[in-house]
Structure formats: structure tokens, C-alpha cells
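The values are calculated or read from the model by the stated rules, or taken from the named source; none is laboratory data. Quick caveat, the model's predicted, so the values are computed rather than measured. Neighbour counts are summed over all protein chains in view; Cβ atoms, including those assigned to glycine, are modelled from backbone coordinates with ideal geometry. These accessible areas exclude ligands, DNA and RNA; they are computed on the full protein's heavy atoms, side chains included. Shrake-Rupley method; radii C 1.70, N 1.55, O 1.52, S 1.80 Å.
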Amino acid sequence: MATSSVWSKRPDDVADRRDASTTSLLVAFARSLRRAGVTVPVDNVVHYVRAIEAVGIDRRDPVYWAGRTVLIHRHEDVGTYDQVFDSFWWGRSGWSDPPSSSADQSFVEEGGDDEVDAPSSDGERPERLAVVSYSDVDQLRRKDFAACTPEELEEISRLLRETRVRAMQRSRRMRRSRRNHGGYDTRATMRQTLRSGGEVVRLMHREPTSRPRRVVLLCDVSGSMEPYARALLRFLHVAVAGQRKVEAFAVGTRLTRLTRQLSSRDPDAALRQAIERVLDWSGGTRLGEGIGNFNDRFGMPGMARGAIVVILSDGLDRGDPTLLAEEMARLHRAAHQTIWVNPLKASAGYEPLARGMAAALPHVDQFVEGHSAASLDALVGVIARG
């Protein structure tokens, strides 16, 4: 049965509205995939919009393959993608080629808040047109956690899921190399010489390999950090989940190890288990005692030695600043690098004048911001370069 096209019946109106409606359709398509059970991070939607801007939306194949390349990362989701693609685009796009599979309209819910209304056959504008572009995502990435609504924090948590916290270091093991980065490989050269009848045809080289460096995250969960603690705990989860060389702790009036709780692949379950384990959540702050406890129980016995230690705190400590300075000095001597992440650093006119922050700062290698998703992305880069 022939289907009408909203872009072929009124070409003049289409030309005026096409740029505005294309982004809306792409975002609605991504939401239809989510309703069908496909995990589609917001960053992937941004890349999909940019890909369609490059290849155009006039033909089915470029739109199909751009979405399948950018939005789908698991082979088992391909069948669902095909069904959602056909059910969503057929009748909206004006493509002449038929759908590749049977369209299942159950994947596209009519009348939902996420749905985008197509123009009617008489050319009138739709009643609702929710235009969401990648500029909105960029603004959300830079928005202060303290100013975000619960819905925005959930969206930010989805943005953070693509983050990979990892640091590398040189290993003592060597591997063969085509360039002379670590010296000559005498044994390989001799074996090559024997195979060529005793004549040295070329010199073999070797270079050191890399191995993961341990990363330790200490997150302040005191009352002054309440506007940021949950978002930072989400960051701790994506850093720990699936990684063997990342450890996570909560610091308030006591030290609580959260590595096992945050290792769950389910972010909501991990966050719930972590908060249940932290008995001093949104309480007082004794950073000196907490870091000292870490040094005695975990750091000096081996966890902090040669590691990158990241402290996420506003530095508003109620404890003894002298004790904090002493424990930070111990930690700095053992660690490869110490990084202090302060959400207040992004505030206009901020200076690290608080007693705790002033005591710890001389023993910190990197002092960075931690108030937004963009600042945490920058933190990941600092850790990787450590």
C-alpha cells in the first residue's frame, strides 16, 4: 500500500522546516530505540546527528548505516534496530525503497512526551516539536552538579557511563619493536643472523611494554559535599566497574571502602549499595583522620605505592589541619601522583583559603575542578597522563 510522505507532498514547506525537524526526528528515533531495550548513550545521539548532517537524510541507506554504526554496539541489538528503524521511519521519510523488515509499531509509542509529531497532510505545523540538539548536551555537560535537577543528574550519569578511568606505566617486560625505543634485541638479532647464513641482514630492536597503574579514589561524603557527592559517586562507579586496578573509598568522619559495592554493572544497584554501606553519609568531615586511616590500613602496606591517588573534596575540614598536612605528606611520598579534585574551584573568585585545603595543597601535584561532567572528563585526561 502506498504511503504518503510528509517531505514529498509539500516541498516548499519541507525546505523551510527540514533543518529544524531533522534533529527532532533523530532524537525521537534514539528514544524509540531506548524504549525497545537498546542502550543508547546521549553522546552517541550527538554523533548520530552530526553523521546525518554529513551524509544527508534523503536516502534510506546512509541514514540506516549511520545509525547502525553509531548507535549499535552489540550484535544482538541489530535485529531490534532493524525493526525500530522500519517502524519509525517508514511513512515519515519519503524514501521510495521499502522497509527491509516487518515494521512493528509497538516500538513507537504514540502520544508520549518523547514522541515528535510529524506535520499533517494539510501542511500545518505540528502541535509539539521538541528540538534537542547536541548544543543542549554540551550545556548539560558543563552545568554545575549543584544546579542540576534530578532528571538532569540522571542524564549526566548516562553521559558518564562511557568514561574509562585508566592510567598506564612502563613495565619491565620487553617486546620486539621495529624502532629503537629500548635498545637492541641481541638474541633476536642472532637468531635472524643464523637464518640468513651468518650474515647480519638487519638489527632487531625491543621496547618496554605498558601495564595498568593503580588508581585510588577517595571521595568526601560530608554534609558540605552533599550537592556533589551523588554525582561523584556515579563517577566512582564508572571508574571501578570492570576495572581491576581502581579502588574507591568514601571519607567523612570515617573511612569506608566501596570497591566491591561499586563493581556492580548496574549503576542504580551500585549506588544504592554504596550509600547503604556509608554510615556517615552527609555527616561531618575529618579528612586528616580518614586519610591517615587509609595510609595505615591500605596505602603504606602497598595500595598507594606507585599509584595515582585522587581526592575528591571541597577541603572544608573540621579536623586538625596539622594532622591533614602530615598525612598528605605521607601519602604524597608513597604515591606516584596525588590529584585533588575540588568542586568549588570553578566558582568565581575562589581561593583555597579553607584550613583543610590550605594544609593539603602543598602536597598535591594537580589541583583541578570537579563540578561538572566536562570537568570530570578533564580529570580522566589528567589521570591518563599521570
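Checking the conditions here, which among 291, 339, 308 is in contact with a His (Cβ under 7 Å, 6 or more places away or on another chain), within 24 Å of residue 260 (Cα to Cα) and β-branched (Val, Ile, Thr)? So the residue among 291, 339, 308 that is in contact with a His (Cβ under 7 Å, 6 or more places away or on another chain), within 24 Å of residue 260 (Cα to Cα) and β-branched (Val, Ile, Thr) is 308. Of the residues making up region 334-378, those that are among the small types (Gly, Ala, Ser), more than 28 Å from the chain's Cα centre (by Cα) and farther than 25 Å from residue 298 by Cβ are 349, 354, 358.
Residues in region 279-299 that are open to solvent by 10 Å² or more (accessible area, probe 1.4 Å) and either within 28 Å of the chain's Cα centre (by Cα) or without any contact (Cβ under 8 Å) to a residue 12 or more places away in the chain (or both) were compared, and the one that is nearest to residue 359 (Cα to Cα) is 296.
A count restricted to region 312-335 and to residues that are small (Gly, Ala, Ser), under 24 Å from residue 236 (Cα atoms) and not in a helix (DSSP H, G or I) stands at 3.
Screening 382, 341 for residues that are outside any helix (DSSP H, G or I), open to solvent by less than 50 Å² (accessible area, probe 1.4 Å) and of a type in the set (Val, Ile, Thr) leaves exactly one candidate, 341. For the condition of a type in the set (A, V, I, L, M, F, W, C) and farther than 20 Å from residue 339 by Cβ, residue 258 does not qualify. The residue that is farthest from the chain's Cα centre (by Cα), among those in region 185-217 that are under 30 Å from residue 380 (Cα atoms) and loosely packed, with under 15 Cβ neighbours inside 10 Å, is 209. The single condition among (1) part of a helix (DSSP H, G or I); (2) more than 16 Å from the chain's Cα centre (by Cα); (3) touching a residue at least 24 places away in the same chain (Cβ under 8 Å) that residue 155 does not meet is (2).
Looking across region 218-246, the residues that are surrounded by fewer than 24 Cβ atoms within 10 Å (Cβ to Cβ), touching a Lys or Arg at 6+ places or on another chain (Cβ under 8 Å) and outside any helix (DSSP H, G or I) come down to 241, 242, 243, 245. Here residue 90 fulfils each of the conditions (1) open to solvent by 70 Å² or more (accessible area, probe 1.4 Å); (2) among the aromatic types (Phe, Trp, Tyr); (3) at pLDDT 85 or above apart from (3). Of all the listed residues (347, 313), the sole one being touching an Asp or Glu at 6+ places or on another chain (Cβ under 7 Å) and hydroxyl-bearing (Ser, Thr, Tyr) is 313.
When the residues of region 258-278 are filtered to those that are small (Gly, Ala, Ser) and either open to solvent by less than 10 Å² (accessible area, probe 1.4 Å) or assigned to a helix (DSSP H, G or I) (or both), the one that is farthest from residue 365 (Cα to Cα) is 269. Look at (1) over 23 Å from residue 146 (Cα atoms); (2) assigned to a helix (DSSP H, G or I); (3) in contact with a strand residue (DSSP E or B) (Cβ under 6 Å, 6 or more places away or on another chain) and you find that residue 309 fails only one, number (2).
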